[in-house]
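Right, one structure below, let's go through it.
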Amino acid sequence: MSSKTGPDAAATARPARGRTLVLRLTALYTTIASLVLLVAVLIVYRELVLDLDREDDVLLRENALLVDALLLQPQRDPRQALLALDDNRKRLGARRILIRIVDDGGAVLIETPGMPPGLSMQRFPAPAEPDVADLRGLDLRSEGRRFRLLAVNLKSTAIGGDEAVVQLALDRAADDVLQDRYRNILLGVTVPGLLLSAVFGQWMARRAIAPIAAVAERIRGIDAASLHARVADADLVEELRPLVESFNELLGRLEDAFDRLRNFGAHLAHELRTPINNLCGEIENALLAPDSDLAEVLRSARDEAQTLSHIIEGLLFLAHAERPGTRAAMVPRDLVGIVHGLIEFYEPLATDAGIELVAVDEATPSVPIDRPMVQRALSNLLDNSLAFTPRGGRITVTTRIVDGQAEIEVADTGCGIAEDRLPHVFDGAYSTPQVRATNAPRTGLGIGLSIVRSIMRLHGGGVRIDSRPGQGCRVRLRFA
């Protein structure tokens, strides 16, 4: 039994991540649409309830005024007038309003039939003047029914004296039926609306991520052989253009890195081939000529093996220095002492090559550094200067302080480097087309300046090189 792994598994997982994004966007759209719909429904329903309350309050106030007007007619019996008003509303099918008139002593003077026992005098709101425009009643439930209660002062003095109060109770059963009907209608609108919001939200989510799918399709065709290609963004939405521009910049950096890697591989093969061929040739000659000096052959083989070891050591150091998280062991050191120690070491080599090697101390700074690393950086620079400075030339190593930072400058009067090649000297695969000094040994892979740059980065500083053909090179190491 086999299990799917690798690209197939990754391809299977990609749609799941896409669906997750669609679901998230769908949930977001649905939630927003649902909230808007629910708020709108609640506002409509609340306005309906408030309108019904206002209409009932107006109706109660008008009936209170009507009762007051009937009581102002002296030719009619007040009790009979109120009962006749109640009968007329029944015959007309109008909403029934129960009326009770209470005197200033709290005694009931008149009460229409059917007043529920639960609507006692104490449960009515405090009386108000009937001519107030914004009178508001009070809702109360009694015997399973809802009533709108209102109490006003009676203007007429036909009964009860000056302090009589009329209490009115409106049966709101019709309002309850209307509110139930509208609740059902709004509920019938809300539930399908929520479902439509989910469907529409998913459709919007798929349309929203469609440009991302288009970009992914364009990117999918780019591989190591087509890093020169770029993702077109002219027809994309504005929000995706920064992403595409960043990706195109990344492609440019990858293309440059791949080119440098290919050049480095080619240069590495060339540099390794020379000592290996020399080694193999010398061994072959020794085998073909048994009488040859074996010691000389071994010495020559040792030199070639040391060259290979030097190349491999440089590659390993560069790989370690470029690894993320690598740190240098920083201890305060006297830069002048380090420079003079190296000058003393290289002076015999420079003398043999007919080159003047000079140290100039403009300052004596003490800087936290990793001494072996700094010595290696300066050794690489001196090796390069000795290799490309002809007999009679001069190499000057200057220690100074510039803008509050320690600096070591290695300047020579060698062949120099063409201006168009200066940006590539730190690539790790640089080799100068200029001819080395005739008395200078072959120095290997040409990664010395890359190692110098890596060392200075680990020290928080930098390296700068200035050169012109025929005028030598000037390399400055700046410490943080």
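The values are calculated or read from the model by the stated rules, or taken from the named source; none is laboratory data. Predicted, not measured: the structure shown is a model, and the values here were computed from it. Cβ coordinates were reconstructed from backbone atoms using ideal geometry, including for glycine residues, and neighbour counts include every protein chain displayed.
Can you work out which of the residues in segment 351-378 that are in a helix (DSSP H, G or I) and not charged (D, E, K, R) is surrounded by the most Cβ atoms within 10 Å (Cβ to Cβ)? Within segment 351-378, the match that is surrounded by the most Cβ atoms within 10 Å (Cβ to Cβ) is A377. Based on this model, can you work out whether R183 counts as surrounded by fewer than 17 Cβ atoms within 10 Å (Cβ to Cβ) and of a type in the set (K, R)? In short, yes. Summed over segment 429-472, the residues that are part of a helix (DSSP H, G or I) and at pLDDT 80 or above give a count of 10.
The condition of being in contact with a strand residue (DSSP E or B) (Cβ under 9 Å, 6 or more places away or on another chain), surrounded by 14 or more Cβ atoms within 10 Å (Cβ to Cβ) and either in the same structural domain as L71 (by TED's automatic domain parsing) or over 25 Å from E47 (Cα atoms) (or both) does not hold for V132.
With respect to the stated conditions, P365 is in the same structural domain as R464 (by TED's automatic domain parsing), at pLDDT below 90 and touching a strand residue (DSSP E or B) at 6+ places or on another chain (Cβ under 8 Å). Could we say that L243 is under 44 Å from the mean Cα position of the chain (by Cα) and among the hydrophobic types (A, V, I, L, M, F, W, C) here? Here the answer is yes, as L243 does meet what is asked. Figure legend. Inter-residue proximity from segment 109-136: first residues under 20 Å from E62 (Cβ atoms), second residues aromatic (F, W, Y) and not in a strand (DSSP E or B), beta-carbon distance below 7 Å, spacing 6+ or different chains. No pairs are indicated. Checking the stated criteria, E304 turns out to be surrounded by 14 or more Cβ atoms within 10 Å (Cβ to Cβ), touching a Leu at 6+ places or on another chain (Cβ under 6 Å) and in contact (Cβ under 8 Å) with a residue 12 or more places away in the chain. Regarding V244, is this residue hydrophobic (A, V, I, L, M, F, W, C) and either farther than 29 Å from I32 by Cβ or surrounded by 12 or more Cβ atoms within 10 Å (Cβ to Cβ) (or both)? So V244 passes the test. Against the conditions (1) in contact (Cβ under 8 Å) with a residue 24 or more places away in the chain; (2) of a type in the set (A, V, I, L, M); (3) more than 30 Å from R136 (Cα to Cα), where does A210 fall short? Just the number, please. Unmet condition: (1).
Does G341 qualify as being at pLDDT below 90, of a type outside the set (A, V, I, L, M) and either surrounded by 20 or more Cβ atoms within 10 Å (Cβ to Cβ) or not in a strand (DSSP E or B) (or both)? Criteria not met by G341. Kindly check whether there is at least one residue in segment 15-22 that is assigned to a helix (DSSP H, G or I) and either modelled with pLDDT of 80 or more or within 20 Å of P125 (Cβ to Cβ) (or both). For segment 15-22, residues assigned to a helix (DSSP H, G or I) and either modelled with pLDDT of 80 or more or within 20 Å of P125 (Cβ to Cβ) (or both): absent. For segment 265-286, indicate whether the set of residues that are free of Cβ contacts under 8 Å to residues at least 40 places away in the same chain and either outside any helix (DSSP H, G or I) or farther than 30 Å from Q306 by Cβ (or both) is non-empty. No, the conditions are met nowhere in segment 265-286. Could you check, for segment 297-308, whether at least one of its residues is modelled with pLDDT of 75 or more and in contact with a Lys or Arg (Cβ under 7 Å, 6 or more places away or on another chain)? No, segment 297-308 contains no residue that is modelled with pLDDT of 75 or more and in contact with a Lys or Arg (Cβ under 7 Å, 6 or more places away or on another chain).
Conditions tested, residue by residue: (1) basic (K, R); (2) at pLDDT 80 or above.
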| site | (1), (2) |
| --- | --- |
| R371 | yes, yes |
| V374 | no, yes |
| D403 | no, yes |
| E407 | no, yes |
| D427 | no, no |
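For segment 307-314, does any single residue satisfy the condition of being in a helix (DSSP H, G or I), outside the structural domain of Q405 (by TED's automatic domain parsing) and of a type in the set (D, E, K, R)? Within segment 307-314, one or more residues are in a helix (DSSP H, G or I), outside the structural domain of Q405 (by TED's automatic domain parsing) and of a type in the set (D, E, K, R).
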